[in-house]
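Structure, as structure tokens:
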Amino acid sequence: MPDWSYQTVFRPLLFRLPARTARRLTLAAFGAIGRLPGGAFLIKTLGHQEASPLLDTGWSPTPVGLSGLIDPAGAARQGLARLGFGFVEVGPVTPLPIESAEPIGLDARREILRFPEPYENSGLQETVRRLSRPGHRLPQYVRIAPMPGSAPDEAKPQLQRMMRDLAPAGAAGFYVDAAIPEWDDAECAAVLNGLASWMAARGGECRRPIFLYVPSDTPEEKLVSLLRALDLSAWSGAVLGNGRKEAGAAEKSAALRLLGIVRELAPTDWIVKVGAGVHEPGDAVLLMRQGADAVLLGSGFVFAGPGLPKRINDAVLQRKAESVPAPEPPSFWRNWGWMYLLGFAMIVGGLAAWAIAGSTVLLPYDEAFLGMTRAELEAFNAHLPHFMSHDRITLAGTMISIGILYAQFASHGMREGLHWARTAVVSSCAVGFPSFFLYLGYGFFDPLHAAAAAVLLPMFLLSLRRSPDLPYRGPVSLANDRSWKRAMWGQLCFVALGAALAVGGLTIAAVGVTGVFVPTDLEYLGMTPGQLDAFNPRLIPLIAHDRAGFGGALFADAVAVLAAALWGIQMGNRWLWRTLLAGGAPAFLAALGVHFGIGYTDFVHLLPAWFACALYVAGLALLYPYMHADEAGGRTERPAEAAASAAARG
């Protein structure tokens, strides 16, 4: 469920359902995918979730954590953990289960979730079982709280028992939620100091880092009083979490104020995680600039979508990359230049093939294989040369499209160390070159095609020489603004286009190596396969060669388009937008133009091409503002929060 499907399709549908039902359905889907064989690969492929070493915090692979309010029952932990998170919060956890059947409130306009029972959970025993079988390798931090209504002298043994049972089950640390509103400051401090002393006395196997959990609705005076009363050296840091009853975008102003207090009064080596009001990448960037070491995604994950952790990682990575000089680009002959030459050769070959298909149609070795000339074919059936021309021109247009994509991905992507661009061209070539063998079963060997493959294959192999993957240094989107939401529709169009072309390519290749013709082909020719075979038994193998070659090329083109749509769409990425424009134009011009040129205009036959063209045009139009944006911006704070942000920066 990437953002391009969540924002456009699934979120509108899910938000029409009761919140508990929507959460249950979503988590069930994520959980099912995560548990499937290959499910992790699918999630990784859709989101291209590769954590850069630059994001490593020393205690987590990335500075983005998953809040416990997203999956309180752990139904989808295997799938969710692969979305770019570096650590997971489990909880809240209380000694006994706390259940609630009351509806969860959802205010989509203000981006607020309202929880009727702030400590709803399955209890200690079930959490121990779940914690010991996480289904992922991310560190799990458990948020623990005493039973509601407990007195201070009852809370301390409850918290100790949970720590004692959860530590060996797999807890990497504890978020201690004991700043209870009903207790006075001295009672809270006594419980927390006693707990810290108890943990400090534990043996190595059970000792874990402990963090002070501070809900966003905690009064500032209470936090100041606690920090002054605690033995801060016994604590590893603080977690500024969601409010007890509400979680939403407006919490960021309170989180900034609380963050300022913590950074002023706490030791400098404290790790501070903020889980309140992070709804956009810009929110995380602002909080980290103000002193947060990491963020936790809760309500923001619901409203922004599953791509939010990756977007935050991209924003953090981009800023880290800015602090170090850009390395010298690899030489032309290292790897990317060979792919560029391969693309250029495909363009030249496509133009030559188009010129031949639009004039003589048949090459001398084609006529030698058939044992007859074009004039003899035309005398037998006037539509036959035109039909063969239409197959070859569509193939030529596809070759030019592939060449443009390869050359651009090489010069703008591989040259800059972008992992997705290298993966795109390697995957496309890996399916494109074997397509040469599709038609050999028919007994026709195309010497020109074989010679081209023999020249291009070494270029592909030389392009495989590795260079280090480098972080993206271009602008990144920081806001869930109109431009970004519109771009999600554009990305959906291109993902659908890539998938449609892949299905079309496989279908055409399958037809080419089996029946060769579709019914509308035979209607255009006005003949049956038997009549064609009776005229010349080598005619159908020659046509099959064209069909199979075109199907294989179209599939290779589809893989490159799909990879770019899934992984390459970025704010301000103008070169990719222009590449998609330039790469699609010759393919659609060839496919549609030749059909009208030869009078093969059957509506059903051309419907897939028109559908693909509509996706192409709509996708380009929707992506244009986003991919031509000048600044790596968007809102980092809402107007109502500006004063609070300024005060926090104080």
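Give me the lysines in straight-line cross-link reach of K156: C-alpha distance below 30 Å, same-chain residues under 8 apart excluded.
Qualifying lysines at Cα under 30 Å: K222, K245, K273.
By its C-alpha gyration tensor, with a ≥ b ≥ c as the square roots of the eigenvalues, how is the range 390-543 shaped: rounded for a/c under 1.5, else prolate for a/b larger than b/c, else oblate?
Note, shape of the range 390-543 comes out oblate.
Please state the shape class of the range 277-354: rounded when a/c is under 1.5, otherwise prolate if a/b exceeds b/c and oblate if not, all from the C-alpha gyration tensor.
Oblate.
Calculate, for A430 and E378, the FRET efficiency according to 1/(1 + (r/R0)^6) with r their C-beta to C-beta distance and R0 45 Å; round to the nearest 0.05.
0.70
For A101 and E322 in one chain, what is 0.36 nm times their gap in residues minus the Cα-Cα distance, to one decimal in nm?
74.7 nm
Beta carbons within 10 angstrom, averaged per residue: use that to sort the peptides 242-253, 364-375, highest first. Before the final figure, lay out the partial values.
Working: 242-253: 22.5, 364-375: 14.5.
Going from most to least packed, we get 242-253, 364-375.
How far is the Cα center of the range 385-430 from the Cα center of the range 162-205, in Å?
59 Å
Which of the three applies to the range 407-495, rounded, prolate or oblate, going by the alpha-carbon gyration tensor with a ≥ b ≥ c and a/c under 1.5 meaning rounded?
Working: a/c = 4.15, a/b = 1.87, b/c = 2.22.
Because a/c hits 1.5 or more and a/b fails to exceed b/c, the range 407-495 counts as oblate.
Tell me the mean residue ellipticity at 222 nm calculated for the chain from its helices only (DSSP H runs of n ≥ 4, each -39500 (n - 2.57), averaged over every residue, nearest 500).
Mean residue ellipticity, 222 nm, calculated: -17500 deg cm²/dmol.
What are the residues whose amide H is under 5 Å from the amide H of G307, where those residues sit 5 or more places off or on another chain and H is modelled from the backbone?
Here the answer is D3, since their amide H atoms fall under 5 Å of that of G307.
From Cα pairs below 8 angstrom and at least 6 apart in sequence, can you work out the relative contact order of the chain, rounded to a whole percent? Show your work: numbers first, answer last.
Working: 1126 pairs, mean separation 89.4, N = 650.
Here the relative contact order equals 14 percent.
Full extension from R473 to D533: what is 0.36 nm times the residue separation minus their Cα-Cα distance, to one decimal in nm?
15.7 nm
Just for the chain, what percent of DSSP beta bridges are antiparallel, to the closest 5?
20 percent
Quick check for you: which residues of the range 321-364 have the amide N under 14 Å from the point 7 Å beyond the Cα of L462 toward its beta carbon?
Answer for this model: 331-345.
For the range 9-155, what relative contact order do you get, as a whole percent, if you take Cα pairs closer than 8 Å and at least 6 residues apart?
24 percent.
Given a Förster distance of 30 angstrom, what is the FRET efficiency for C206 paired with D184, based on the Cβ-Cβ distance and rounded to 0.05? Could the numbers behind the result be given before it?
Details: r = 31 Å, r/R0 = 1.02.
According to the calculation, E is roughly 0.45.
Per residue, how much accessible surface does the chain expose to a 1.4 Å probe? Answer in Å², no decimals.
Value for the chain: 41 Å² per residue.
By per-residue mean of other Cβ atoms within 10 Å, what is the highest-first order of 255-263, 110-118?
Peptide ranking by packing, descending: 255-263, 110-118.
For K44, list the lysines whose Cα falls under 20 Å from its own Cα; do not include residues on the same chain fewer than 8 positions away.
Candidates past the 8-residue exclusion: K310.
Kindly state, to the nearest 0.05, the FRET efficiency for A368 paired with E523, given R0 = 45 Å and r defined as their beta-carbon distance.
Approximately 0.90, to the nearest 0.05.
Ratio of the chain's C-alpha Rg to 2.2 N^0.38 Å, to two decimals? The partial results should precede the final answer.
Details: Rg = 30.3 Å, N = 650, 2.2 N^0.38 = 25.8 Å.
Scaled against compact globular proteins, the figure is 1.17.
Find how many whole Å separate the alpha carbon centroid of the range 285-304 from the alpha carbon centroid of the range 345-365.
That distance is 56 Å.
Using a 10 Å cut-off on Cβ atoms, rank the peptides 390-398, 88-96, 615-623, 150-158 from the highest mean neighbour count down. Walk me through the numbers before you get to the answer.
Working: 390-398: 25.2, 88-96: 23.3, 615-623: 19.8, 150-158: 16.7.
Put in order of decreasing packing, that is 390-398, 88-96, 615-623, 150-158.
May I ask for the distance between the Cα centers of the range 1-60 and the range 504-574, given as a whole number of Å?
For the range 1-60 versus the range 504-574, the Cα centre distance is 35 Å.
Taking amide H positions as placed 1.01 Å from N in the peptide plane, with prolines and chain starts having none, which residues 5 or more places from L240, or on another chain, fall under 5 Å of its amide H?
Amide H neighbours of L240: V214, K273, V274, G275.
The values are calculated or read from the model by the stated rules, or taken from the named source; none is laboratory data. Remember, predicted model here, so these are calculated numbers, not experimental data. Don't worry about glycine lacking a Cβ; one is built from the backbone with ideal geometry, like all the others, and counts go over all protein chains shown. Surface accessibility is based on the protein's heavy atoms, side chains included, excluding ligands, DNA and RNA. Shrake-Rupley method; radii C 1.70, N 1.55, O 1.52, S 1.80 Å.
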